[in-house]
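Visitor: Sharing a structure, written as structure tokens. Questions coming.
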Amino acid sequence: MRIVVLAGGIGGARYLRGLKQAAPEAEITVIGNNGDDIGLFGLRVCPDLDTVMYTLGGGINEDQGWGRRDETFTIKEELAAYGAGPSWFGLGDRDFATHIVRTQMLDAGYPLSAVTEALCARWKPGVRLIPSTDDRLETHVIISDADGRRAIHFQEWWVKMHASVPAEAITPVGADDAKPAPGVLEAIEAADVVLLPPSNPVVSIGTILAVPGIRAAAASKTVVGVSPIIGGAPVRGMADACLTAIGVETSAQAVAAHYGPGLLDGWLVDTVDEGVQVEGITVRARPLYMTDLDATAAIARAALDLAAELA
Ligand code: GDP
Ligand code: CA
């Protein structure tokens, strides 16, 4: 079986771990989110791609859900001693090596998709990980605060401000002109099913779908999604701030309606949201907390079962 997953960072990566257990024989292609990508200290950082790569490759900090385990922060401290910012983005020493290798390869002319493949040769995530695009794509957020109305990088809003200032708009800058990375449309075309993990619907999956061609390719397949919203709140993080910014209510129902029946065929909601109905989409209630690997594999299996029914 061929499975394509459109994944953000932590929620996507954890779900993928369960999917690998649920479908050990499947050929899994992960289309990763580029919206979080940022240039820091002259280096290209791709947080969501790295979270997937480290999580599936056994290098993740399990408690945090991002970054390397057994990490140290000497470089960060030394940069701070020079007054070299930003200091709000956590880059550890081990993690720095990934960004150095990535940046060197990009500077040498390799596209991000080839660089990602090279990085994965070390981590062996057991899936094929492809960025949504090789073109520059970054999510920016429009806010108004004491410094006036301005656009800032998504990471500044998310990591530095903890989304404390409301977003007036969230824009995937560069998406309109971006082309899907090599292999993205081919993988979707060849897929038996496309799965949406419980990733952020706006700044993770929404940004992947903003790359022209990806949404239409996925829509022609059987698509089943898992709600990141349980009982009217995100399980973790501040997805509600992103949904509010685009005028979507923070509920399992509203997120499915936002994806729409043109894209989604099936939608898994948590048992507390049992009874939720979305026009044109088959909804099923299952326990959706990814508390451990077995619970997560059960969620992945439920998505595959629903997809098989709807195919
Ligand atoms: P990020 O890029 O690291 O923010 O990660 P993603 O976009 O992949 O996923 C973030 C989303 O995962 C959040 O909106 C959470 O609500 C959701 N999430 C995290 N843990 C769980 C869980 O155990 N169950 C469900 N259903 N959603 C979860
Ligand atoms: Ca992310």
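Visitor: Kindly provide the set of residues from the range 226-242 that are touching a residue at least 60 places away in the same chain (Cβ under 8 Å) and open to solvent by less than 20 Å² (accessible area, probe 1.4 Å), ordered by number.
Guide: V226, S227, P228, C242
Yes or no, residue by residue, for (1) in contact with a strand residue (DSSP E or B) (Cβ under 8 Å, 6 or more places away or on another chain); (2) of a type outside the set (D, E); (3) on the phi > 0 side of the Ramachandran plot:
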residue: T29; (1), (2), (3): yes, yes, no
residue: D37; (1), (2), (3): yes, no, no
residue: P47; (1), (2), (3): yes, yes, no
residue: I60; (1), (2), (3): yes, yes, no
residue: T72; (1), (2), (3): no, yes, no
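Visitor: Looking at (1) within 16 Å of ligand 2 (Cβ to nearest atom); (2) among the hydrophobic types (A, V, I, L, M, F, W, C); (3) more than 15 Å from the chain's Cα centre (by Cα), find the lone condition where W66 falls short.
Guide: So W66 meets the others, but not (3).
Listed here are the residues, each with its yes/no results for (1) over 22 Å from T207 (Cα atoms); (2) touching a residue at least 60 places away in the same chain (Cβ under 8 Å); (3) in contact with a His (Cβ under 9 Å, 6 or more places away or on another chain).
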site: G59; (1), (2), (3): yes, yes, no
site: D63; (1), (2), (3): yes, no, no
site: F73; (1), (2), (3): yes, no, no
site: S87; (1), (2), (3): yes, no, no
site: T103; (1), (2), (3): yes, yes, no
site: T116; (1), (2), (3): no, yes, no
site: R122; (1), (2), (3): yes, yes, no
site: I130; (1), (2), (3): no, yes, no
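Visitor: Which residues, taken from the range 40-63, are within 16 Å of ligand 2 (Cβ to nearest atom) and either open to solvent by 70 Å² or more (accessible area, probe 1.4 Å) or over 22 Å from R17 (Cα atoms) (or both)?
Guide: The answer is L40, R44, V45.
Visitor: If you check every pair at least six apart or on different chains, which have Cβ atoms under 6 Å apart with a residue in the range 18-32 that is among the polar types (S, T, N, Q) first and a residue that is open to solvent by 60 Å² or more (accessible area, probe 1.4 Å) and part of a strand (DSSP E or B) second?
Guide: Every condition considered, the pairs that remain are T29/R128.
Visitor: So which strands (runs of 3 or more DSSP E) stay within the range 39-153 end to end and still have 2 or more residues that are basic (K, R) and modelled with pLDDT of 95 or more?
Guide: Where strands (runs of 3 or more DSSP E) fall fully within the range 39-153 and carry at least 2 residues being basic (K, R) and modelled with pLDDT of 95 or more, they are 148-153.
Visitor: From G225, G237, which residue is within 16 Å of ligand 1 (Cβ to nearest atom) and at positive phi?
Guide: G237
Visitor: Let me ask something additional. Restricting attention to the range 280-302, and to residues there that are within 20 Å of G232 (Cβ to Cβ) and part of a loop (DSSP other than H, G, I, E, B), which single residue is least open to solvent (accessible area, probe 1.4 Å)?
Guide: Checking each candidate, the answer is L288.
Visitor: Whether any residue in the range 14-28 is within 20 Å of V115 (Cβ to Cβ), within 13 Å of ligand 1 (Cβ to nearest atom) and among the charged types (D, E, K, R) is what I want to check.
Guide: No, every residue in the range 14-28 fails to be within 20 Å of V115 (Cβ to Cβ), within 13 Å of ligand 1 (Cβ to nearest atom) and among the charged types (D, E, K, R).
Visitor: In the range 9-38, what count of residues is obtained for those that are surrounded by 21 or more Cβ atoms within 10 Å (Cβ to Cβ), out of contact with any helix residue (DSSP H, G or I) (no Cβ under 7 Å at 6 or more places or on another chain) and in a strand (DSSP E or B)?
Guide: Number of matching residues: 0.
Visitor: Would you confirm, using the coordinates I've provided, whether T72 is open to solvent by 70 Å² or more (accessible area, probe 1.4 Å) and more than 12 Å from ligand 1 (Cβ to nearest atom)?
Guide: Against the criterion (open to solvent by 70 Å² or more (accessible area, probe 1.4 Å) and more than 12 Å from ligand 1 (Cβ to nearest atom)), T72 qualifies.
The values are calculated or read from the model by the stated rules, or taken from the named source; none is laboratory data. This one's a predicted model, so the numbers in the text were calculated from it and none came from an experiment. So basically every Cβ, Gly included, is an ideal-geometry build from the backbone, and we count neighbours across all protein chains shown. Heavy atoms of the whole protein, side chains included, go into the accessibility calculation; ligands, DNA and RNA do not. Shrake-Rupley method; radii C 1.70, N 1.55, O 1.52, S 1.80 Å.
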